Amino acid sequence: MLIDVHAHFLHDRTPRADWQARNASRLSAGERVGISIHIASILGSWGAASPTYFPSPADVRYANDFLLALQHRHPARVRGYVAVNPNYTDEALGEITRCLDAGMIGIKLAASRRADDPLLDPICRLAAERGVPILHHVWQHRRRDYPGQEASDARELGALAARHPEVRFLLAHIGGGGDWLHSLPILRSLPNVFVDLSGSGVDGGMLEACLDAVGVERLVWGCDLTIETGWAKLRYLEHLLPSDELERVRWRNAAGIFPPDAFPAD
Amino acid sequence: MRVDVNAFVGSYPYRRVPGTSPEALVAAMDRTGLDQAWVTHLPGVFWRDPTEGNAWLLECARRHPRLLPVPAVHPGLATWRDTLRQALEAKAPAVRADPTFYGIDPAGAAMRQLAAACGEADVPLALAVRFEDGRQRHPNDHAAELPAAAVRALIRSDARVRLLVTHADRPFIEEVHFGSTPAEAARMWWDICWIWGPPEDHLQTLLGTIGSARFVLGTGQPLRLPENAGAKLDLLDLSAGDRAAIECGNARALRDG
């Protein structure tokens, strides 16, 4: 069993003419790597009709519907995070309820609103009520604001996680660019934050630092935009960890974070 | 036979990196099925005189025959021609210069002289676009990334020079390759360490548009996990011939001219 906790798909209203090829490539590469389940999100229209990180409620809804359809087409392979823009509180809460009822298993928050903003609190309360985790996009040590996103870093996600200790958070793509050495020490004292290993970064020493900071119990495997880097980290972990600990990273930790009926029984 | 044309020994100044000793590098090669590595002294890249790391590098290569030395040459130093001669005497498969880290113009007169001398000596010149993701570099690590325009300028500056460019991504490679004549492009080789695999499939695209002959296996280890290069190749539907070329044959063509 191998669970990718951080995947994305595209749809026909995104700016990418090759969207079908990219979706097919993810699934076929996943077969080769042995990915059992891709837990994915679609970020609105990926910029076509509203910004990727500030998606309109209409784009959010279309993307989530597309992902639900994809999940139904690939029931053995695909699971969904419902992605929302917390600036539209009522719509976000309604969309979360609608998509979880329809079979999605988590919530994706990207960069529409800073993670420590009180506007995220109602979403976290709903996550707690429904027993689903929140995957939060993180810029590892954001030293300034970047155009096109209101990114958060680990300190800000940590503030949110401290306010909602009953919610499980996934700090997105520790290898996704930015200073991961800034993020990891913040997570030591936050037992409800898990480290998603995805991202294009395959830095020597990063996995050892993750293990040192949060232990094998709080590492979850993923790919995001580059499946080969996910596979590389997995291959390195095979060398670094005994088999029982490797199983935790491959899927057991993820299985403990998501609702009990989210995946096929072990 | 699998050859890693992009490896380093020695510590990195901006963060702790495990596995930087020659022995650890050889162990990582064993772990990942690499037979040979072209190796540069990593801390020297950041020294005022990067060639001061070359002696230790050559000694490492003597002790570990699977490590082939790629000594640094700083064309802004008065002794650079002696350094190049010593590299040739050591049968280095290439020499390396990282001009933005040395603080010199990457396409200036000194680099053009070095390119010409490498062409004359029939030895490839290796250059790195970057060593780390720009978003994670140390706040005091200000050296610019190697500009694509500099690579185009260097390949045009001498009709014989052969370039090995490491840590380049797809846009960089496309800009330089298609901004060069076919004859110029045939004198450049690209390592695969920074090129994305699926689902974006940048490497697969480049192999289709540019051809497998221009690409060589490189890892960037120990700054990057060497497992990445193998995983990337394993995700391609390559013919045995193309895979062997990327893993070894193209590096041989680069070295031998």
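Bear in mind these aren't lab numbers, they're just calculated from the coordinates by the rules spelled out. Remember, predicted model here, so these are calculated numbers, not experimental data. Here the Cβ is made from the backbone with ideal geometry for all residues, glycine too, and neighbour counts use every protein chain on show.
Projected label points at B:Ala213 and A:Asp117, each 7 Å from Cα along the beta carbon direction, are separated by 5.5 nanometres. Evaluating 6.51 cos²θ - 1.76 cosθ + 1.60 at θ = phi - 60° for every residue in the stretch A:66-79, the Karplus couplings come out as 4, 5, 4, 5, 5, 4, 6, 6, 10, x, 8, 10, 10, 10 Hz, glycine and proline recorded as x.
Ignoring lysines fewer than eight residues from A:Lys233 along the same chain, the ones with Cα atoms less than 21 angstrom from its Cα are B:Lys232. Largest GNM mean-square fluctuation among B:Asp98, B:Asp237, B:Asp169, using chain B with Cα springs under 10 Å: B:Asp237.
Take chain A and mark each of the trypsin sites (Lys or Arg not before Pro) that is in a DSSP loop with at most 12 other Cβ atoms within 10 Å; the longest unmarked stretch, sites excluded, is A:1-142.
Think of it as helices only: each DSSP H run of n ≥ 4 in chain B is worth -39500 (n - 2.57), and spread over all residues that comes to -10500 deg cm²/dmol at 222 nm.
Sort B:100-107, B:142-149 by the packing proxy (mean of other Cβ within 10 Å over each peptide's residues), most packed first. Can you show the working numbers first?
Numbers: B:100-107: 19.0, B:142-149: 15.8.
The packing order, highest mean first, is B:100-107, B:142-149.
Only one residue of A:Phe54, A:His137, B:Ala153 has its Cα farthest out toward the positive end of the dipole of the protein assembly as shown, where Lys and Arg carry +1 and Asp and Glu -1 on Cβ, and that residue is B:Ala153.
Can you give the convex hull volume per residue for the Cα atoms of the stretch B:3-256, as a whole number of Å³? Can you show the working numbers first?
Numbers: hull volume 29.0 nm³, N = 254.
Per-residue hull volume (Cα only) is 114 Å³.
For the stretch A:100-189, the set of GluC sites (Glu not before Pro) satisfying both a DSSP loop assignment and a count of at most 13 other C-beta atoms within 10 Å is given as A:Glu166.
With charges set only on the Cβ (+1 for Lys and Arg, -1 for Asp and Glu), what does the dipole of the stretch A:3-257 come to about its Cα centre, in debye to the nearest 20? Intermediate results must be reported in sequence, preceding the final value.
Working: 28 positive and 31 negative charges, 59 e Å.
For the stretch A:3-257, the charge dipole is close to 280 debye.
Length available on full extension from B:Ser239 to B:Arg160: 0.36 nm per residue minus the Cα-Cα distance, which gives 25.4 nm. Using a cutoff of 8 angstrom between alpha carbon atoms and counting only pairs six or more residues apart, the relative contact order for the stretch B:3-256 works out to 19 percent.
Label separation (A:Arg143 vs B:Asp35): 4.4 nm, computed from points 7 Å beyond Cα along the C-beta direction. Considering only A:Leu43, A:Leu157, A:Leu225, the Gaussian network model of chain A with Cα springs below 10 Å gives its largest mean-square fluctuation to A:Leu225. With K and R counted +1 and D and E -1, the other residues having a Cβ less than 15 Å from that of B:Val123 yield a net charge of +3. Across peptide A:220-226, the average count of Cβ atoms from other chains found within 10 Å of a residue's Cβ is 2.
For peptide A:227-240, how many partner chain Cβ atoms fall within 10 Å of a residue's Cβ, on average? Let's see the in-between values first.
Working: counts 9, 16, 8, 3, 9, 12, 4, 2, 9, 8, 1, 2, 5, 0.
The per-residue average across the peptide is 6.
Under the combined filter of DSSP loop state and at most 12 neighbouring Cβ atoms within 10 Å, the stretch B:150-257 retains these chymotrypsin sites (Phe, Trp or Tyr not before Pro): B:Phe178. Across peptide B:216-228, the average count of Cβ atoms from other chains found within 10 Å of a residue's Cβ is 5. Amide H contacts for B:Ala126 (H built 1.01 Å from N in the peptide plane; partners 5 or more residues away or on another chain; cut-off under 5 Å): B:Val95, B:Arg96, B:Ala97, B:Leu164.
Trypsin sites (Lys or Arg not before Pro) within the stretch B:2-82: which are DSSP loop residues with at most 12 other Cβ atoms inside 10 Å?
Numbers: sites: B:Arg2, B:Arg15, B:Arg16, B:Arg31, B:Arg48, B:Arg62, B:Arg63, B:Arg66, B:Arg81; in loops: B:Arg2, B:Arg15, B:Arg16, B:Arg48, B:Arg66.
Those satisfying the criteria are B:Arg16, B:Arg48.
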